[in-house]
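Enquirer: I have a structure here, written as structure tokens, and I will follow up with some questions on it.
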Amino acid sequence: GGGSCGNGGSGDSGGNASCSIGNGSYEKSKAGRRAGNGARAEGCSLSGDGVGDDVNDGREGVGTRGLVAGTTGARSKSSSTADDFRMSEMPWAARGNPLLRLLRARWLEAVCLIATSSIGMGNAQKKKAEQVLLRWQHIGRDLGASYMAFAVPSTASLKALASFIGEGGVVELGAHNGYWASLLASYGCQVKALDIAPPPGPRASLKVEFGTADSLRALPHQTLLLCMPSPGEPDLADAALDAFCGPRVAYVGEWATGMTATRSFHESLLRDFELDRRITLPNFPPMCTSLYLFHRRADIGDTGDEARSISSSVQQTKNCPLRCVFCGGSERLRRCPRVRQMVVCSQACHAAAAHNHSSLLALSLCGWTPRVPGEPGSSYTSLEPCTWLEQHSATAAQWSALATATPQPVRLTI
């Protein structure tokens with residue numbers, strides 16, 4: 001469930017930091033004295049410069065301070081940015097979104113239990129700490145994928161999607177446990193959830209029925225939702241686009257990385273649809289999923305230069321949603337392998353976006369920042385090219401990194 005973390009002091013001064021998750025509690029100051037490490041409460045504070053101020057959870061204008069404090073301002077009503085986590089004010093508390101609460105709880109647990117211990121660490125220890133921080137969050141990500149969904153919806157994304165759907169209804173194919181479909185139903189949408197292997201029991205408030213891409217042909221729903229379609233399997237994403245006749249498609253996934261859907265699916269979206277809006281979703285690191293809202297084009301069948309461009313690259317077209325975070329360019333894109341939403345197109349943009357880069361890494365590593373690409377001496381060419389990855393063409397390192405970033409559902413046996 002939700003967690004809470006409070007700093008007993010004010011601002012960036014000391015005090016007794018505490019973290020409570022569910023019904024259990026952990027007092028860092030007492031544990032620190034027992035361990036003799038002298039851990040300070042500042043480790044739980046996110047008020048330091050560069051700690052995610054420019055990072056949001058999908059709501060415009062909400063930085064890490066607002067995300068932590070539950071407000072759109074730089075601070076909450078109390079003087080500390082890590083004070084008074086009242087669930088009634090939290091965007092993740094609205095309409096019962098436990099997957100977003102799980103992401104938040106994992107992050108806060110790591111801030112209070114792990115990040116404070118990084119004070120005085122050597123480089124070798126920091127590298128191990130980074131691996132622990134990521135693994136801690138990956139466990140939450142994988143359990144969430146098993147029992148809820150592969151992608152985390154935010155309040156902003158659900159509101160935008162519900163508005164996009166309107167009164168025409170939405171059908172989700174590959175609905176898994178029906179998590180996204182149930183949340184959309186709570187927003188008043190007419191929803192039908194289909195999956196080739198519906199959950200055997202009542203896993204969501206909305207029933208998931210058996211269905212394939214062929215089932216879409218007989219349905220009147222005007223919006224198709226595809227949430228994290230399986231990579232390299234045209235029977236789901238590609239077949240769904242071929243069978244669906246409605247005017248709108250909502251796609252949740254990574255754009256043209258190889259993690260979700262197929263290359264031909266992305267090409268079809270760019271050829272036959274226009275992008276209305278992209279909404280960045282909250283992510284377990286190092287994922288970079290977004291919600292993409294498309295409407296069907298009136299001029300389908302173009303065989304000119306744009307169609308040839310789409311065929312050659314799903315990253316470099318005027319309709320492509322993947323853009324440089326600094327200038328908005330769509331050519332020669334490269335991304336940081338540790339913070340995969342950090343995409344730039346040149347050395348100049350790489351250097352100009354260094355502060356935002358550090359902020360994103362601080363968010364993924366729960367408040368502390370080792371040296372990152374983008375600081376003096378680093379190079380844009382040291383980043384990874386934004387290319388479509390497939391197992392037969394990717395290097396072993398590239399494929400391993402993509403697999404690590406992808407949710408790996410697990411089943412617990414008790």
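Enquirer: What is region 256-301's relative contact order, in percent, from Cα pairs under 8 angstrom and six or more apart in sequence?
Expert: That works out to 36 percent.
Enquirer: How far apart, in nanometres, would the label points at W388 and Q347 be if each is projected 7 angstrom from Cα along the Cα-to-Cβ direction?
Expert: It works out to 3.1 nm between the two label points.
A short reminder: the numbers here are calculations on the coordinates, not readings from a lab. Since the model is a prediction, treat every value here as computed from it, not as a measurement. Positions of Cβ are generated from backbone atoms using ideal geometry, with glycine treated the same way; all protein chains shown enter the neighbour counts.
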